[in-house]
There are 4 protein chains.
Amino acid sequence: MKINSNFDSGNIKVIDCTTASNIQLEINKDTHSDFFQWFHFRLQGAQNQSCKMRILNASEASYPEGYEGYHTAASYDKETWFRVPSTYDGKELVIEHTPEFNSVFYAYFAPYTYEQHLNLVHNAQLSPECELVSIGETVQGRDIDMLIVGEESPEKKKIWMIARQHPGESMAEWFMEGFLGRILDEDDAVSRTLLSKAVFYIVPNMNIDGSILGNLRSNAAGANLNREWAEPKLDYSPEVYHVRNIMDKYGCDLNIDIHGDEALPYNFISSIEGIPSFDDRLKNLLEKFIGSWIASCPDFQDTNGYPKNEPGQANLAICSKHIGERYKCLSLTIEMPFKDNNDLPDPEFGWSPERSILFGESILHPILQVVDQLR
Amino acid sequence: MKINSNFDSGNIKVIDCTTASNIQLEINKDTHSDFFQWFHFRLQGAQNQSCKMRILNASEASYPEGYEGYHTAASYDKETWFRVPSTYDGKELVIEHTPEFNSVFYAYFAPYTYEQHLNLVHNAQLSPECELVSIGETVQGRDIDMLIVGEESPEKKKIWMIARQHPGESMAEWFMEGFLGRILDEDDAVSRTLLSKAVFYIVPNMNIDGSILGNLRSNAAGANLNREWAEPKLDYSPEVYHVRNIMDKYGCDLNIDIHGDEALPYNFISSIEGIPSFDDRLKNLLEKFIGSWIASCPDFQDTNGYPKNEPGQANLAICSKHIGERYKCLSLTIEMPFKDNNDLPDPEFGWSPERSILFGESILHPILQVVDQLR
Amino acid sequence: MKINSNFDSGNIKVIDCTTASNIQLEINKDTHSDFFQWFHFRLQGAQNQSCKMRILNASEASYPEGYEGYHTAASYDKETWFRVPSTYDGKELVIEHTPEFNSVFYAYFAPYTYEQHLNLVHNAQLSPECELVSIGETVQGRDIDMLIVGEESPEKKKIWMIARQHPGESMAEWFMEGFLGRILDEDDAVSRTLLSKAVFYIVPNMNIDGSILGNLRSNAAGANLNREWAEPKLDYSPEVYHVRNIMDKYGCDLNIDIHGDEALPYNFISSIEGIPSFDDRLKNLLEKFIGSWIASCPDFQDTNGYPKNEPGQANLAICSKHIGERYKCLSLTIEMPFKDNNDLPDPEFGWSPERSILFGESILHPILQVVDQLR
Amino acid sequence: MKINSNFDSGNIKVIDCTTASNIQLEINKDTHSDFFQWFHFRLQGAQNQSCKMRILNASEASYPEGYEGYHTAASYDKETWFRVPSTYDGKELVIEHTPEFNSVFYAYFAPYTYEQHLNLVHNAQLSPECELVSIGETVQGRDIDMLIVGEESPEKKKIWMIARQHPGESMAEWFMEGFLGRILDEDDAVSRTLLSKAVFYIVPNMNIDGSILGNLRSNAAGANLNREWAEPKLDYSPEVYHVRNIMDKYGCDLNIDIHGDEALPYNFISSIEGIPSFDDRLKNLLEKFIGSWIASCPDFQDTNGYPKNEPGQANLAICSKHIGERYKCLSLTIEMPFKDNNDLPDPEFGWSPERSILFGESILHPILQVVDQLR
Ligand SMILES: [Ca+2]
Ligand SMILES: [Ca+2]
Ligand SMILES: [Ca+2]
Ligand SMILES: [Ca+2]
């Protein structure tokens, strides 16, 4: 019996792996950072053994409430990710599972690897509507990939969609896979209509290094990218630095930043009520966006979410707030659960890649409702 | 060079097939009926020859205006159906094409065969949400297949969806394939929500005999099923007879009947404005249905369509009118084009199987908007 | 509960279908013929009921010994065909099964429909190596499809492969699907080498009418095509008439005729030992063919099979004998089991479409071994 | 325009990438080693530009003759790898290409990534015939994956198949994918027969670290694994150390080691003629293996290859020689080309993943021929 995490987005520290009924583990901190919560490892040699895996430092994780009511994702083939019963007693996260096969992966959420990312963006560029460009390099020197979807013209709205500033929120890239698959579908009437009105600038993974490193929230330099938008630095937060520069070049009429939330078992939006420029126009746009998404997708709701900022109290270092203020445009943080959507729970799979993909497809509807009023 | 139509939904009469530049054809009348318009045949031995196929009796067809601005569907592999340039001069429909392969199919629209039908309904029954039942036999003794989707309970709305009363309107069954694929998707939030509120009774092909026979509008006895709802007869229109009986057994809160229209290059709804029971409740439901579909699917519109019936002037022998009146419920005829949707034209493929499938998926949205008010 | 067989290759007569435990059936005779053995029907409304289906006239079938040790093929989705326990007591074939779904198909062997046939040949023609031609019409006026694979040139060997003279032997067309898939694979070294040395003339279904009609051995006129090769008649056996004519036009260096055998649970060859022209050359070729196939495919064997004809005693009305004599060439009848290959039994699926496909792929090996000596 | 190689198996050093017509590159040396030859990089921003990429240090590579008559593999989607014209003038390898898309990968051969490896072995373990075990860790601490195929029993032959000791020889893992796909096919008669006679111990990638690092021949410690079999060391060559230990535990009746050869445009075998124990039994086995593979797969040949060792002159540090001597068993090195098989050239794709897969399937034939005589 052995545990390994030496692969894309792997993260675990083995304290003791000698007894199936008492496997002791710890999650490593993010690179140059104190955040930690994401785990991803492979257990071998435990087929048909009743395993109890204890994550000893769970209570010290960044969002220990994220482990309450949470069940761990597992897979035998890296394709189907089901949930296995897990409990959090305020100290440890305990995963109990009797693997049916000799090798099994456990993860905080179904991973989306760099290889999948490269396949995604290169497959997308085959579409005549899509161009793939590198807009700079990450801290560790990887290409930052941006997809431009739609033929550019001045009157078209500029819509930005970015995902995975926080690398452990892998559902954000599953969401992007869904969104891209639909927006590039030449038979889809919504997509065709949107592309006659808007150009999309898409960064499916803002934090490639952190994703590979198995981080929850930090890039390779230890930066929390979603606190870097006020003053991105080329050496510390180049991912934001380059994206913001390109945004300034092309402009922005709508900004959508895709995330996952550790604690709340719902899909929701956090927006720009607290930015100085928030006005009736933006309020109406925001309400229309939210209202039409609620009406069209029961996996989305607006009842549960973060407390809204008081007027003027927004933290302008955060992407959606900063971009909303910078361009006086509608700007949204989308949050998906690590756990499940409690309005439509699925005990077997929880919130999943498949549902994230469909949720990514569903966002075309509210975008279509607001696209004509975005500028 | 030879032409054959001896296969599922084949229909053509060869007058002269000796010269590629002057192939003369006629469309056969529907079984025991004067309707004709649908054609479907296979041309062999004409690879790389410039062929001119003249349908000599086009002007006598049921809807000659259906050939104006129409282009013929063609396929080399029975999977991809593209359009080839066709002209109608008021007398003949002329198809001009230089086939790239030795065998090529031409059809009025991409066919949906009985084999595809059987695959569709049997694949559907594998879903735990779906049951396949035979509710009687057609004139020629084939099973009339009905799918029940969702677990039945009294408080749930009863939603009926039927397609292809007119067998030549094959896009109606492609639509059904799309609808079924989505409603049975266990990850789709719209589908899951709908199935918590409604049960679906689905007849993907009301006119199996006519479909196989290559008819436009009639069943094997010569009946136009969509004029049989007032008094369906077991021997002449058993397909309607059985479905109406089962409807009476289960009840009906919403009825959707899927069709294709030969002439109009748009998707639209024909409804129940002219039935005696049409009232504000039904009017509001209808407007809500139409409005939400327009908003969510640019392939749907309400500007072009049939003239609405004056109050009380509806023909109650027609399915949607009859069922609307019989159950005082919202009841809709959905029409798709044989040609294209002129609001979003696609010169290469016209209105197509792929788009019919997506359109069938899109109808879940307006259903979701009205489901709570259906009774 | 009801039974229907009104579809492609359906065949059953319902005597009594009121009680699940005592369903009484008979097999219909072939069209204009006394042969019968093939059955194919759909049972509905029997989910979770223990069904006993008695085929009352089994002992009068053409090959009652075919029901000894035989188990019936069944499918819920027309894609996966598994076996259900069946017994033959010398009078009746009794099928016992508790269907898991409401609609279930039973067949003597997994069917291969006309629709599959049309898909097969039209998909094949997309290959640059393959041309699809119609060489005449069946009794009922359907196209007889021939595929020419490889670029023709005089020095290349002419290899004929035909299948399904006996329409109930559907495994023969599954075999063809396998063969075609491999010979058209541009990456396969065996295929590429063979196509540099030979041209293939392939008739994947010799008896399309009989296949659709649910016959065991006869075409629509009642002809047993495999007894028609001496004097094929345009009206009675046009399928043989046309193929033999085209053979005369192109020549033949190797002829392979694919069949299924009702009784023997083995794959084997019946050949031309009894034709007048059988000599050492043909004997050596035959032995090499058989030997190399045995060595390369454990699903093939030469221990069990038909008694070999005494010299000069072959029936020259049979395809393989006739063609062997007509062209002094190697000519083979390939037989596959309806039951299973007892050397490698598979209780769950018996001999199956998948295994027939692989067996069709495997025949390229012995062909490659003899191709240089065929003329 | 920019070039990046910071991904799985990437390897290039950019000297100058400012002018499309004069892109200057160098290949980096293997980790802690002087070997170099493998390259793999991504070019962006050069769509529709005529690019000339010069690999300046090609003549100093490990096998400069490997660049003669060689054409570079390229891909826009990481799935289809075609060849682009390349020339070697004795100093530089020059790749000339006008990319059709904005991002394009170039590689010495179509890569097989660690992600693909993990998918391969985990998908394989789902088969009831297959068990996945970790037998130790690489220098960098990754799991060494071994698949055991077939139920173990003493009388069964023990057949070892290992691949990619030299990590740049990615065709070796494509070969393994083909082999595994076939041996696990439950419908394949050859596979079923082999598994009744033998158990397979399969290491699809012997050098995972080196593969990820973009090395040609070395592991992460700089070891050429295929010279380590006499005295493998836990710290320097743990991959060989662990595999040889497990071999000693299970025994070995046939050993097959899969490689690629830079220079020779052929598939061939290098064997054990030079080991002390080489005798008539091994000679006969070897001849039978080679002869039957030639007969069954035209992509294999025995005319071109390495000079055979004189008796007793084999280097027993090499895997196939060492294992042959250690177990007195048939032991083979399989070589595939980086270029093409000149007997069946394919100018568009050269030797390719698809052909490597089919070649891996083809090896079951010669194994079946010798399996009964292996011990
Ligand atoms: Ca976040
Ligand atoms: Ca109609
Ligand atoms: Ca036969
Ligand atoms: Ca090598």
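The values are calculated or read from the model by the stated rules, or taken from the named source; none is laboratory data. Since this is a predicted model, take the numbers as computed values, not measurements. All Cβ positions, even for glycine, are placed from backbone atoms using ideal geometry, and neighbour counts span all protein chains on display. The area values use the complete protein model at the heavy-atom level, side chains included, leaving out ligands, DNA and RNA. Shrake-Rupley method; radii C 1.70, N 1.55, O 1.52, S 1.80 Å.
Only residues that are among the hydroxyl-bearing types (S, T, Y) and either assigned by the TED database to the domain that holds B:E26 or closer than 25 Å to B:Y106 by Cβ (or both): list them for the range B:199-220, please. Full working, then the answer.
The initial filter retains those residues of the range B:199-220 that are among the hydroxyl-bearing types (S, T, Y), namely B:201, B:211, B:218.
B:S211, B:S218, listed by residue number.
In the range C:315-361, which residues are away from chain D (no Cβ under 14 Å), away from ligand 3 (no atom under 16 Å from the Cβ) and aliphatic (A, V, I, L, M)?
Result: C:L316, C:L330.
Within the range D:325-375, can you find the residues that are on the phi > 0 side of the Ramachandran plot and in contact with a Ser or Thr (Cβ under 6 Å, 6 or more places away or on another chain)?
Result: D:K328, single match.
List the number of the failed condition for D:H242; all other conditions in (1) outside any loop (DSSP other than H, G, I, E, B); (2) more than 18 Å from D:S331 (Cα to Cα); (3) within 16 Å of ligand 4 (Cβ to nearest atom) hold.
(3)
Look at B:A221 and say whether it is at pLDDT 95 or above and either open to solvent by 20 Å² or more (accessible area, probe 1.4 Å) or in a loop (DSSP other than H, G, I, E, B) (or both).
Against the criterion (at pLDDT 95 or above and either open to solvent by 20 Å² or more (accessible area, probe 1.4 Å) or in a loop (DSSP other than H, G, I, E, B) (or both)), B:A221 qualifies.
When you look at C:D235, is it among the acidic types (D, E) and open to solvent by 10 Å² or more (accessible area, probe 1.4 Å), yes or no?
In short, yes.
Could you please find all residues in the range D:37-47 being among the small types (G, A, S) and either closer than 19 Å to D:K91 by Cα or open to solvent by less than 10 Å² (accessible area, probe 1.4 Å) (or both)?
Of everything in the range D:37-47, just one residue is among the small types (G, A, S) and either closer than 19 Å to D:K91 by Cα or open to solvent by less than 10 Å² (accessible area, probe 1.4 Å) (or both), namely D:A46.
Please state which of the following conditions D:E155 fails to meet, knowing it meets all the rest: (1) acidic (D, E); (2) surrounded by fewer than 21 Cβ atoms within 10 Å (Cβ to Cβ); (3) under 15 Å from D:I363 (Cα atoms).
Going through the list (1) acidic (D, E); (2) surrounded by fewer than 21 Cβ atoms within 10 Å (Cβ to Cβ); (3) under 15 Å from D:I363 (Cα atoms), D:E155 breaks only (3).
Would you tally the residues in the range C:17-36 being in contact (Cβ under 8 Å) with a residue 40 or more places away in the chain and surrounded by fewer than 23 Cβ atoms within 10 Å (Cβ to Cβ)?
5
Just to be sure before I move on: is A:D261 open to solvent by less than 30 Å² (accessible area, probe 1.4 Å) and not small (G, A, S) in the structure I sent?
yes
Just one of B:Y250, B:Y241 is in contact (Cβ under 8 Å) with a residue 60 or more places away in the chain and more than 13 Å from B:Q165 (Cα to Cα); which is it?
Within the list B:Y250, B:Y241, the selection yields B:Y250.
Checking the conditions here, which among B:S277, B:S271, B:S296 is at pLDDT below 95 and either among the aliphatic types (A, V, I, L, M) or away from ligand 3 (no atom under 16 Å from the Cβ) (or both)?
Testing whether each residue is at pLDDT below 95 and either among the aliphatic types (A, V, I, L, M) or away from ligand 3 (no atom under 16 Å from the Cβ) (or both) leaves just B:S271.
From the residues in the range D:69-82 that are open to solvent by 30 Å² or more (accessible area, probe 1.4 Å) and touching a strand residue (DSSP E or B) at 6+ places or on another chain (Cβ under 7 Å), which one is nearest to the other protein chains (Cβ to nearest Cβ)?
Out of the qualifying residues, it is D:K78.
When the residues of the range D:158-208 are filtered to those that are of a type in the set (K, R) and in contact with a strand residue (DSSP E or B) (Cβ under 9 Å, 6 or more places away or on another chain), which remaining residue is farthest from ligand 1 (Cβ to nearest atom)?
By that ranking, first place goes to D:K197.
Would you pick out the residues in the range A:340-375 that are buried (at least 24 other Cβ atoms within 10 Å of the Cβ) and basic (K, R)?
Answer for the range A:340-375, where residues must be buried (at least 24 other Cβ atoms within 10 Å of the Cβ) and basic (K, R): just A:R355.
Quick one: in the range A:211-222, of everything that is more than 12 Å from the chain's Cα centre (by Cα) and within 13 Å of ligand 1 (Cβ to nearest atom), which residue is nearest to A:Y236 (Cα to Cα)?
So in the range A:211-222, the residues more than 12 Å from the chain's Cα centre (by Cα) come out as A:212-215, A:218-222.
If we keep only those that are within 13 Å of ligand 1 (Cβ to nearest atom) as well, we get A:215, A:218.
Details: A:N215: 16, A:S218: 11 Å.
Here the answer is A:S218.
All but one of (1) open to solvent by 10 Å² or more (accessible area, probe 1.4 Å); (2) in a helix (DSSP H, G or I); (3) closer than 18 Å to A:C297 by Cβ hold for B:I212, so report the exception by its number.
(3)
Specify which of the listed residues (B:S9, B:S50) is at pLDDT 95 or above and either within 14 Å of chain C (Cβ to nearest Cβ) or open to solvent by less than 50 Å² (accessible area, probe 1.4 Å) (or both).
B:S9
Check the range A:267-287 and report whether any residue there is free of Cβ contacts under 8 Å to residues at least 12 places away in the same chain, of a type in the set (G, A, S) and surrounded by fewer than 19 Cβ atoms within 10 Å (Cβ to Cβ).
no
Give me the residue from the range A:293-324 that is among the charged types (D, E, K, R) and under 21 Å from the mean Cα position of the chain (by Cα) and, out of that set, nearest to A:P276 (Cα to Cα).
A:K321
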